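Beneath this line is the structure, given in structure tokens, with notes to follow.
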Amino acid sequence: MTFGREWVLWLVPAAFLLPAAVRLLIRPPRAEVRFGAMAVLREALADVRAGRRYRPALALLLRCLGAASAAFAFSAPVVDGSPLPLGRAAAGAPSDVVFLLDRSYSMRAAYAGSDRFSLAAETAAAALRSLGPEDRAALILFDREPEVRPSWGRDPEELARRALAASPGWETTAYRPALEAAFALLSDGERPGVRKSVVLLSDGSADGLAGMKEGPGSLKGYDPSFRVAGLDFPGRPANSWALPARRAGSARALEAAVGWNAAASAAPPARLLLCGPGGALLPGPPLRRTGRGSASAVFTADLARGCAAAGPDALKADDRAYYAFPDGGSSAGVTVLHPGPEEPPPGSAAYFIKKLFSSGALPYAAEFRHYGAAVSAPASAGDTMPHGVPVQFAGTLVLAGLPPFSPEAAAALERRFAAGGTVVAFVSSSRPQAAELRSYFGLVSAGPEEGRFSGSGWGEGVIPGLSPSAYDTARVSASALYPLADGGHETLLEFRGPGGRKAPALVGVKRGDGRAYVWTASLDLDWCDLAVKPVFPAFFSSLLELAAAGGSGPGGWGSVVGRPGEVRPRTPAADYGAELIKPSGAAETLRSRQGIIAVPAQAEPGLYRWRAGTETGFYAVNLDHSTRESALEPAASPPWAKIPAASAPENLSSFLGGVQAWSLFMILAALLLSAEAALQGRRP
Amino acid sequence: MRYLDQETVSRVRARAMRPLRLSASGRAEGFHAARSSHGPGQEFSEYRAYSEGDPVRSIDWKLYARSDRYYLRRFSREESIPFGILADASASMSFAGPGAVFSKWEYACRFAMALACLCLYRRDPCGLDFLPRGSGAGVPRGSGAGHLSRLDAAFSSVKPAGRWDGLAGLAPGPAGGKRPSVFFFSDLLCGRAELEASARELSARAGRCFVLHLLDPGEDGFPWRGETVFSGLEEDGTVAAADDLEDAYLAAAARRRALCAGLFSSPRLSYFPVRTDLPLFRNLDRFLSGWLK
């Protein structure tokens with residue numbers, strides 16, 4: 001016996017116990033009567049005692065059984081039929097059957113010496129070949145979307161061959177569009193009176209049920225007479241999967257990560273292998289757990305492209321993750337922009353920063369550029385700052401005084417933030433900066449405020465490594481700063497102003513996927529003496545560490561399967577001439593517009609190569625792990641009848657030829673409740 | 001009077017004055033069958049042929065003139081018949097079912113007072129006694145003015161209480177002389193043994209006994225719905241029952257009625273069920289009609 005709504009079976013015990021609980025908890029009020037004919041009453045009691053003693057219990061039992069039968073009926077039980085050809089089993093009632101064959105990448109998981117998809121395809125073929133001459137069938141392959149324009153097949157044998165010839169894809173699962181396509185096909189109304197069924201040949205991934213919280217009844221085209229059944233694979237196999245690597249930390253090191261499901265928690269992968277573009281595996285460091293079901297490892301190997309590998313396990317398709325960073329993107333350097341064009345004058349912020357870098361106190365290389373010089377319009381305004389710094393390739397960008405506002409500068413910063421980049425900014429004391437604070441970082445200030453501000457309020461731990469006990473931060477003082485209106489920022493350090501009033505000294509602002517750190521008092525000596533205090537190297541080093549860790553940094557080129565992406569070459573390509581070379585060696589012409597190469601959705605994961613003019617690069621296409629398809633987690637209570645995969649062809653034929661028994665159990669419930677009412681002496 | 005109102009008096013008087021039909025034997029006259037006793041009565045009884053020694057003044061000379069034979073006119077002598085009212089004042093008589101106007105006791109008092117009124121119209125002496133013993137002071141037999149008031153006062157002074165356990169404690173009847181006819185009002189709610197003993201006792205004591213069985217619809221039927229806890233008026237303990245007991249109770253009540261009808265139906269005992277939900281005069285008419293048959 002199979003069930004259309006198996007989850008309702010959980011309600012059967014509750015339905016059975018509910019009347020008993022109500023009986024115990026809610027007792028009707030009992031009247032009390034002073035009575036004369038007690039002898040007659042006792043005589044009547046003696047007459048009925050034997051039957052009466054058990055009557056309430058019997059009535060309660062009947063009521064409980066009636067409620068349980070009704071609940072059982074709601075589970076839509078289907079009594080298995082004989083595995084005869086469907087047309088004959090249905091005794092003259094032909095069927096319309098839509099087979100939904102799941103080709104998502106979770107169907108590649110190993111099962112019984114083969115994989116899930118093979119079993120599903122063979123089941124579909126067997127069921128198709130068992131159809132009678134009066135039956136009608138359709139086969140729809142689906143993953144995130146069903147195949148376009150599904151239609152009824154003319155020859156079941158042809159459909160069976162098509163099912164066996166199909167192969168799983170790399171997309172994730174979504175049942176809703178597939179079921180709606182099947183319902184639309186069944187609702188064509190051409191053959192009224194036939195039995196209509198949907199057979200979902202899928203592993204029932206929990207992630208595929210997104211958008212189906214209310215069950216198939218809420219889907220477009222659903223009819224209660226439709227019967228829906230799906231495969232039920234036993235257990236949940238252990239599986240781990242590699243996640244795309246990224247540049248992380250202040251050193252912009254390569255960090256690769258792996259995730260695993262609950263079944264693999266007992267023995268999660270201990271190492272993650274890294275491989276170069278050719279696929280050669282390199283030994284990696286041990287994984288370090290970063291959360292429940294995930295771990296990461298930081299690699300010293302500076303590979304701009306390649307893959308990270310985990311496993312092997314139930315689903316090998318997700319054991320490799322590909323990455324591709326722009327050439328030069330691994331730079332951990334710092335770019336400092338300052339007013340120019342001359343060298344930074346002594347006492348200015350850029351002067352102290354440059355001096356700090358030249359002293360060798362910081363482990364970073366720094367490049368100093370000035371934004372005051374006349375800069376020719378860049379070839380691609382979308383990719384560089386006005387002063388020619390490529391936005392997405394910069395390590396950490398330090399603004400030693402905010403550049404005068406221009407739409408190009410604002411747009412460039414916005415793009416940097418959108419790409420996960422960070423900016424460290426110091427306001428300038430030489431000219432008003434309130435407009436730039438607002439336009440670049442969204443900080444609201446009425447203008448500079450003069451006074452006597454002290455760093456005595458800096459606390460331990462606000463910036464890692466900056467300890468007020470180690471450095472006499474109270475000796476830091478400022479004579480002016482930009483007070484900020486509340487909201488929109490996080491205050492990291494505060495000055496103590498006149499009368500103990502607090503004023504933000506260093507604030508953090510989230511902008512897009514990136515972050516900005518803004519020093520409100522300038523580093524120019526005429527405003528603040530921080531740059532000449534012993535704490536300055538530690539402060540600046542900590543600030544750079546904070547900036548490096550605060551944003552994810554410019555990412556690599558790539559996308560996930562089925563989604564488009566883009567590539568921005570260093571040299572803006574012409575609007576034609578770009579191409580993508582697939583792992584198989586096939587080439588695809590790409591379109592370039594305003595220096596951006598649009599990469600269409602790709603169907604297969606792997607490391608792709610792109611070429612635009614003389615510049616070449618890599619493009620990584622990975623599986624979409626955002627839906628946790630790799631978790632191989634079956635839906636706990638899918639809204640369809642479960643057909644055990646172990647004997648799927650037989651069970652499927654049984655389901656298709658079976659008889660819906662809900663009406664029988666409803667009749668049984670009505671009979672039981674009527675008997676209970678009769679026993680109680682009530683009118684049913 | 002508490003248990004006798006003017007309407008009852010008027011209707012009883014009308015009943016008493018109503019011409020009564022004679023039975024086939026001609027014995028019935030009035031509300032009780034007068035015992036045939038020839039003597040200096042007022043009512044002509046029969047002719048008898050003259051025989052020697054008969055008083056001459058009894059000869060019907062007009063008949064002699066017509067038939068040329070001597071016949072004597074004979075007259076019957078009317079005799080008053082003593083009546084007794086025996087009322088069961090046990091606690092169960094205080095029961096009144098849902099919607100009842102009168103309890104069984106109140107209904108019995110009204111019925112008994114109507115019968116007493118009727119007897120006194122017929123110049124038959126009537127007495128009153130209560131069961132169980134000690135329930136209240138009885139009223140000696142009498143028929144004079146104010147006797148009805150004494151009877152009513154006696155009824156009013158009694159409050160049903162205690163348990164009736166038969167007629168064992170009843171004062172013995174008069175030795176010799178006429179044995180009174182008795183109206184026995186009771187709900188007959190006691191054990192079968194007590195009922196049988198009471199039937200024997202009444203047969204032995206009374207000239208003729210009319211057993212008026214008070215039946216309240218709340219006891220004769222089973223109007224209770226849902227879970228009900230019954231506590232006895234004459235006994236301790238409770239019984240919990242539900243409306244599913246109705247059929248069994250009705251059967252038991254019918255058996256009990258049949259038992260009472262059987263025990264109290266004999267040449268000397270007449271059983272008459274009195275449902276207290278019926279108007280008093282309807283029961284009274286039915287009772288008198290049955291009595292006169």
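A:Gly208 - would you say it is in contact with a Phe, Trp or Tyr (Cβ under 8 Å, 6 or more places away or on another chain) and touching a residue at least 12 places away in the same chain (Cβ under 8 Å)?
yes
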Review point. In the stretch B:134-173, which residues are at pLDDT 80 or above, under 22 Å from A:Phe35 (Cα atoms) and charged (D, E, K, R)?
Key: B:Lys159, B:Arg163
Check your understanding: Looking at the stretch B:219-240, which of its residues are in a helix (DSSP H, G or I) and either surrounded by fewer than 22 Cβ atoms within 10 Å (Cβ to Cβ) or at the interface with chain A (Cβ under 8 Å from one of its Cβ atoms) (or both)?
Key -> B:Glu219
Review point. Is it true that B:Asp243 is charged (D, E, K, R), within 14 Å of chain A (Cβ to nearest Cβ) and out of contact with any helix residue (DSSP H, G or I) (no Cβ under 8 Å at 6 or more places or on another chain)?
Key: yes
Revision key, fill the gap. In the stretch A:200-224, anything part of a loop (DSSP other than H, G, I, E, B) and of a type in the set (Asp, Glu) is listed as A:Asp203, A:Glu214, A:Asp223
Review point. Just for the stretch A:255-298: of the residues that are at pLDDT below 75 and not in a loop (DSSP other than H, G, I, E, B), which one is nearest to A:Ala631 (Cα to Cα)?
Key: A:Arg271
Check your understanding: Considering only residues of the stretch A:22-38 that are modelled with pLDDT of 85 or more and out of contact with any Asp or Glu (no Cβ under 9 Å at 6 or more places or on another chain), which is farthest from B:Ala253 (Cα to Cα)?
Key -> A:Val22
Point to revise | Residue ID - farthest from the chain's Cα centre (by Cα), chosen from residues in the stretch A:642-677 that are β-branched (Val, Ile, Thr) and modelled with pLDDT of 75 or more | key: A:Ile667
Check your understanding: Is there a residue in the stretch A:476-490 that is at pLDDT 85 or above, surrounded by 23 or more Cβ atoms within 10 Å (Cβ to Cβ) and over 21 Å from A:Leu437 (Cβ atoms)?
Key -> yes
Study note, to complete from the structure: The correct count of residues that are modelled with pLDDT under 80 and in a helix (DSSP H, G or I) in the stretch A:4-21 is 2
Point to revise | the stretch A:233-251 - residue that is at pLDDT 85 or above and closer than 21 Å to A:Ala636 by Cβ and, of those, surrounded by the most Cβ atoms within 10 Å (Cβ to Cβ) | key: A:Asn239
Review point. Which pairs do you get when a residue that is touching a residue at least 12 places away in the same chain (Cβ under 8 Å) and within 14 Å of chain B (Cβ to nearest Cβ), found in the stretch A:9-37, comes within reach of a residue that is in a helix (DSSP H, G or I) and surrounded by 12 or more Cβ atoms within 10 Å (Cβ to Cβ), reach meaning Cβ atoms under 6 angstrom, with the pair 6+ apart or on two chains?
Key: A:Arg23/A:Leu60
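The values are calculated or read from the model by the stated rules, or taken from the named source; none is laboratory data. What you see is a predicted model, and the numbers here were worked out from it, not measured in a lab. With ideal geometry, Cβ positions are generated from the backbone for all residues, glycine too; neighbour counts draw on all protein chains shown.
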